[in-house]
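Since the structure comes first, as structure tokens, the remarks are kept for the end.
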Amino acid sequence: MKQAERSIARVLGVFLCLALWAQAAQGQDTKPNKKYVDDEECGCELVFVDGIQTTQRNGLFGFKLEDGTELVPPKYKFVDEFRDGFCIVLGDYEQVGMINRRGEEILPCVFQEVVYPTEGIIKARRGDLYGFYDTTGREMLAPQWRAASSFFEGRAVVSVQLDSFTAGYGYIDTAGRMVLPPVYEYAYPFSEGRAAVKQYDRMGLIDAHGREVIPIKYGFLSSMNHGRVFARDGETGLLAMFDGGDGQRMTPFAYDDVTGYGEGCYVVRRNNMLTYLDEKKGRERYGLYDMAGPFMEGFACVARGGKYGILNRRGKKVLPLEYDNTKRRPGAYVFHEGLALVEKDGRMGFVNTKGKVVIPLQYESAFYFTEGLAPVCKDGAWGYIDHQGREVIPFLFGPSSVFEYGRASVIYNNETYKIDPSGQCVKNCSTFPTAEVQRRMARLAVERNAIQ
């Protein structure tokens, strides 16, 4: 039974991830205001999120405010980052709780699992049973379920033991009432008023009243995304797209899988080739490719015959299929800050959204732009350039990372350092080549002034 319960929990975990993916696909952005800071007491780098800094002392973690006021003394074995005003904390490695922005322990460290709130409700497991709590820590529904999802659209999936061998899945409301009976083998959380469910090894789609919108007869059914779901035919193993509102099939069962979604188009695989499926009409668009990425900010990376290019949302190739990707750089052929990293004949550079090369393909290696800078390698050394291709941080380092929250990692003489966008070292600085960096930065400033 324990193994079965673990399997149930894993399945519900997958369902929850799919529901969260669907929310992300709808454009929800919860990126926090974050930066990294150095804590002199522990000599370590800690995270600062929405005005609250993680601190560490004697192997324990706590928090302080931006003005230095101690919010929570270091007393936890481990802490997560704050998310929407809440943070998961560990009293030890098997005792979990949650605090709020005031440092109040709204859930004490007596739980085995705690999940961040959805719809103002926290899911938590104590022992083998899940229950639910509000964001003040008040118990809403006592721990009583062997498996449960978080709340979405006012409902949560829970498992109910039907007999000694069988668990069924149904839906409860926030009062704990079983609003849809536990008659399913598995169940997804609700999304856009619909939920995928499984019976007798077959899946279908139900509405909030439990009525079948898509019959429970398919080998697989995805969760709702922008009003669409994909169902897999049990006989052929192929996928078709359905309207999740009325259950009507919009495409033939012709697709092997769905590899991505962006800006109104699904990326689907058919006969070992990728193409785009318009979510409005279910029509294939833009041709067939060996590789195709989802649309982001109006553009998508595509490849055929080992050559890469970029499509715009009208299907026009703003960058022809003439470029390479031998270096397999993350973020290549995707626009970051208006520029895309591209490669040809072993050299890398950047193009704009019209497909024009604006920073010449002259670098041996490179990564994409973040925070106004891109790390590039020239003559065996790494440095950073700006959007005009000007050298901003000198070519002095080994492999270097992109900037994130005002910091980047660079290597010098096999040692790793953290620098800020001005090229100054901010972490592990005792052997950093400060004098050489300053000398080269001064030379760059003179050269820029001479050009102006």
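Worth pointing out:
- Once divided by 2.2 N^0.38 Å, the Cα radius of gyration of the stretch 176-318 becomes 1.16.
- Normalising by residue count, the stretch 293-418 has a Cα convex hull of 100 Å³ per residue.
- Expressed in Å, the radius of gyration and Dmax of the Cα atoms of the stretch 90-198 are 14.4, 45.
- Karplus-derived HN-Hα couplings along the stretch 413-418 (A = 6.51, B = -1.76, C = 1.60, θ = phi - 60°), whole Hz, x at Gly and Pro: 6, 6, 10, 9, 10, 10
- Put simply, the amide H of Val179, placed in the peptide plane, has neighbours under 5 Å in Tyr171, Ile172, Asp173, leaving out anything fewer than 5 places away on its chain.
- For the chain, the residue among Gly293, Val318, Gly91 whose Cα projects farthest onto the positive side of the dipole built from Cβ charges is Val318.
- Under-5 Å amide H pairs with Asp257, H placed in peptide plane, nonlocal only: Arg269
- With a Förster radius of 51 Å applied to the beta-carbon distance between Asn58 and Glu119, the computed FRET efficiency rounds to 0.85.
- Pairs over the 23 Å Cα-Cα cut-off, from the set Lys34/Lys327; Lys307/Lys354; Lys281/Lys316; Lys378/Lys418: Lys34/Lys327.
- The value for the stretch 375-452 of Rg(Cα) / (2.2 N^0.38 Å) is 1.05.
- Relative to the longest principal axis of the Cα atoms of the chain, the long axis of helix 2-25 lies at roughly 60 degrees.
- Within the stretch 252-354, the ratio Rg/Rh, alpha carbon atoms throughout and Rh by Kirkwood, equals 0.97.
- Inter-part distance where the stretch 345-400 and the stretch 259-289 are each reduced to a Cα centre, Å: 32
- Tilt relative to the chain, helix 434-451 - C-alpha long axis, 0 to 90 degrees, to 10: 70
- Over the stretch 375-452, relative contact order from alpha-carbon pairs under 8 Å, at least 6 apart, %: 19
- Linear extension gain, Asn272 paired with Met296, 0.36 nm per residue minus alpha-carbon span: 6.3 nm
- Dividing the helix sum by the residues of the chain, where each DSSP H run of 4 or more adds -39500 (n - 2.57), gives a mean residue ellipticity at 222 nm of -3000 deg cm²/dmol.
- One decimal place: the segment Cys429-Leu162 gains 89.9 nm when fully extended, by the rule 0.36 nm per residue minus the C-alpha distance.
- Across the stretch 346-359, computed HN-Hα scalar couplings (Karplus, 6.51 cos²θ - 1.76 cosθ + 1.60, θ = phi - 60°) run x, 10, 10, x, 9, 10, 8, 5, 9, x, 7, 6, 10, 10 Hz from first to last residue, x flagging Gly and Pro.
- Taking all Cα pairs closer than 8 Å and separated by 6 or more residues, the relative contact order of the stretch 311-402 comes to 18 percent.
- Computed Kirkwood radius, in angstrom, where 1/r is averaged over Cα pairs of the stretch 207-278: 12.5
- Here the calculated FRET efficiency for Arg443 and Lys35, from their Cβ-Cβ distance with R0 = 25 Å, stands at 0.25, rounded to the nearest 0.05.
- Descending Cα extents along the principal axes, the chain, whole Å: 79, 59, 33
- Maximal additional length on extending the Glu337-Asp386 stretch stands at 16.6 nm, based on 0.36 nm per residue less the C-alpha distance.
Quick note: the coordinates plus some simple rules give every number you see, no bench work behind them. Since this is a predicted model, take the numbers as computed values, not measurements. Reconstructed Cβ throughout: ideal geometry from the backbone, glycine too, with neighbour counts over all protein chains shown.
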